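Written out below as structure tokens is the structure these notes cover.
Here, each number is a calculation from the coordinates, and none is a lab measurement. Worth saying up front: this structure is predicted, and the values here are computed from it rather than measured. Because the Cβ atoms are built from the backbone with ideal geometry, glycine has one as well, and the counts that use them run over all protein chains shown.
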């Protein structure tokens, strides 16, 4: 029998038992749907995280207090003095800029409206380091820092929330922690991400932060430092220079481990990447188990079908069907069933991705599920393989029926 | 054999054919040495009581089963020791089956049922046209698109006969072809078989235990306990 005839017969046979065929492939539908859904959401999440990490700014090295891999007793706080030490062109030629950050939660009030949000106490070059653009006004300067000026740059979303607008806000006053601050600028929208929503932040001079919002026990302590390397090729050198300077500034002996941690964008990118990958593979693996269950379902129904059609098989053999013809017929049928299920499953997974994307967008996290051609091809081929694998035994059983016995079967 | 000139080669030539079945340790000797020749254009009835081996002989002649010993030449081809797949090709090309229970596939219409053997043959050209011609030859030109459950028993059996003829086989094997039919339909089916035999010279082998059916055959072979009992010609 020619292959296209087997295909035609398989379709006719599947169509003749629509309800049963659908129920048979439900396992495959759910399995493929889950795998495709998870993969598309995973890819969307990855793209979203990557995009946002990259949007923070390029060539940036983060310095945190403490060491994550080795035990350090009493790690010293990072301070503005450390930042000053790092800003030494002679000792650190590959470092372009240093920004210090002291952040905390506080209320921001404008008239009757108020919001609880992150206040970032930063140095004047923060905007430059992190590539923060302003939609109006300008970022505060060194003299604002020195004078502990009560000035603020509002994130666009925060501005909208408090005042109902994002423009013509220069010179207005908002209250942070009940101290009046004069608005000098409004940041351009950056978009939120999984870790923070910078559009809701307010930026004030780090000195004003220390004075008005977050009083510190350790003078001049900061939460973290941002080191901007000269360019993306000099990140490693900048890290090495920064490390030497900080170790000296913290008076660490050569046997003591670092009491600070430096990570760059690339590290964060690869960590985030591997986390999303592991999660995606893990979830897709769990989803794939239902493909196995679906395959067993197909095998079960194909065995029933072979028994039901014993006489038909006997007749076909009497009319000249060879073993191969019978095997081809049943294999084609199980493969078609499984592929049908896979195609419906791809649709289901796509739908799942859209729903999750919509929910994510509603909760302020932009996540665009991506269905790659690869995952569609993979799902189709995989369901084809499932159909052939689980259809093999029933088809073989059909092919090996003795024509005399089969014709006699009631 | 006086009806057939000796110069003509037999289409079915069976020598000392035996078939043993093993049921556990018990050997059932279904056929115990059959010698049989059937010539082109003959219509032969095989009769015998239940258990006489007529179904077994039918399966051997139809190449559905292989003999334990003996030779079987079908259309001058030695088929007694062919493999399964080779037998399938022989069944497809040389033999047309008509069953007691018609054995039509219920899902597909008459024309597709008739075309079924063509799907398994080498030559798959003009399948529809050839199936249509076969259906017309059994007088069902106006029922081609009907499914089996839309046809009467007699019509279904005629579709089955068309299916048996579509590959222009050397012999037509009919196993109790009227067994499931009322007397009127049975008579029509027999008339059709006789007409095929007389007008188109189709070789027909009938298995039956109905003596009135056997009366239509030129020759009746009586089987008893796996052996042929005194073949007699009925003119």
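Some observations on this one:
- The eigenvalues of the Cα gyration tensor, multiplied by 5 and square-rooted, give chain A an equivalent ellipsoid with semi-axes of 66, 25, 15 Å from largest to smallest.
- Nearest-ten-degree value, helix A:235-249 long axis tilted from longest Cα axis of chain A: 50
- Förster radius 41 Å - calculated FRET efficiency between residue A:281 and residue A:251, Cβ distance, rounded to 0.05: 0.35
- Other protein chain C-beta atoms within 10 Å of residue C-beta, averaged over B:111-119: 3.
- In this rough spin-label picture, where each label sits 7 Å from Cα along the Cβ direction, the residue B:81-residue B:16 distance is 1.4 nm.
- Between residue A:244 and residue B:142, the distance separating the two model label sites (each 7 Å from Cα on the Cα→Cβ line) works out to 10.7 nm.
- Residue B:198-residue A:17 pseudo-label distance in nm [points 7 Å out on the Cα-to-Cβ vector]: 4.7
- Cα-based helix-to-principal-axis angle, B:183-200 vs chain B, degrees rounded to 10: 80
- Separation of alpha-carbon centers, segment A:223-277 and segment B:1-79, rounded to whole Å: 93
- Near-label residues of segment A:110-148 by backbone N, under 16 Å of a point 7 Å along Cα→Cβ of residue A:234: A:129
- Segments B:108-119, A:65-76 sorted - mean Cβ within 10 Å per residue, highest first: B:108-119, A:65-76
- Between the beta carbons of residue A:372 and residue A:26, assuming R0 = 41 Å, the FRET efficiency works out to 0.95 to the nearest 0.05.
- Coarse-grained scattering of chain B at q = 0.13, 0.15, 0.18 Å⁻¹, given as base-10 log I(q)/I(0) from a Debye sum over alpha-carbon atoms: -0.78, -1.03, -1.41
- Counting only other chain Cβ atoms within 10 Å of each residue's Cβ, the peptide A:323-333 averages 1.
- Per-peptide average of other Cβ atoms within 10 Å, ordering B:20-33, A:230-243 highest first: A:230-243, B:20-33
- The Cα-based radius of gyration of segment A:178-331, divided by its Kirkwood radius, gives an Rg/Rh of 1.39.
- In chain B, the calculated helix contribution to ellipticity at 222 nm averages -9500 deg cm²/dmol per residue, counting -39,500 (n - 2.57) for every DSSP H run with n ≥ 4.
- Angle between chain B longest axis and helix B:153-165 axis [Cα atoms, degrees, rounded to 10]: 70
- The protein assembly as shown - share of DSSP beta bridges that are antiparallel (%, nearest 5): 70
- Using a Förster distance of 45 Å, the FRET efficiency for residue A:292-residue A:188 (Cβ separation, nearest 0.05): 0.35
- Average partner coverage of A:307-320, which counts Cβ from other chains inside 10 Å: 6
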